[in-house]
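Notes follow the structure.
Throughout, read-outs are computed from the coordinates displayed, never taken from laboratory work. Keep in mind it's a predicted model, so treat the numbers as computed, not measured. FYI the Cβ positions are ideal-geometry reconstructions off the backbone, even for glycines, and counts take in every protein chain you see.
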Amino acid sequence: MLTRATIDDLPQLLELIREFCAIDGHTFDEQRLESCLPDLLHTDDYGLVWLIGEPFVGYAVITWGYSLESGGREALIDEIYLRSRGQGLGSRAIEAILDDCRSRGVQMVFLETETRNTRARSFYTRAGFTADDSIWMSRSLSDSRE
């Protein structure tokens with residue numbers, strides 16, 4: 001069901017990410033991905049990448065955090081993508097990811113999805129996730145002010 005991705009899987013992983021970006025309307029920045037993915041493929045210090053299915057038909061990126069509010073270690077499902085939907089593979093993948101997170105001492109798992117993506121929101125609700133009364137905010141530091 002889930003296979004831990006390694007650096008040898010990078011070409012196939014990039015293909016899946018390219019598909020996800022095209023479908024979801026995100027920019028595919030291969031240079032940025034080739035720069036940051038090795039941190040997740042060589043060690044699990046920051047998180048990890050799962051390849052889903054056999055043959056691989058999807059992937060999930062999980063990253064780690066720590067929060068007093070969550071009571072310790074937390075995980076973020078940063079990305080999850082499956083080529084085919086409606087066959088139960090996504091539900092099985094989410095359960096396997098949650099089981100792995102439990103085994104690593106994770107207290108809380110987060111994810112985010114666009115408000116307009118009602119299909120994904122319904123799927124995550126069925127998987128036991130709830131919408132929080134909070135707003136994600138971000139600020140890029142790549143063009144930092146001095």
Hey, THR63 exposed (fewer than 15 other Cβ atoms within 10 Å of the Cβ) and among the hydroxyl-bearing types (Ser, Thr, Tyr) or not | no
When you go through (1) in a helix (DSSP H, G or I); (2) touching a helix residue (DSSP H, G or I) at 6+ places or on another chain (Cβ under 7 Å); (3) over 24 Å from VAL109 (Cα atoms) one by one for PHE28, which number turns out not to apply?
-> (1)
Candidate set from the range 92-118 (those that are among the charged types (D, E, K, R) and within 17 Å of the chain's Cα centre (by Cα)); member that is surrounded by the most Cβ atoms within 10 Å (Cβ to Cβ) = ASP100
Within the range 119-146, of all residues that are of a type in the set (D, E, K, R) and more than 18 Å from GLY65 (Cβ to Cβ), the one nearest to the chain's Cα centre (by Cα) is ARG121
Go through the range 1-13 and give me each residue that's under 16 Å from PRO55 (Cβ atoms) and assigned to a helix (DSSP H, G or I).
-> ASP8, ASP9, PRO11, GLN12, LEU13
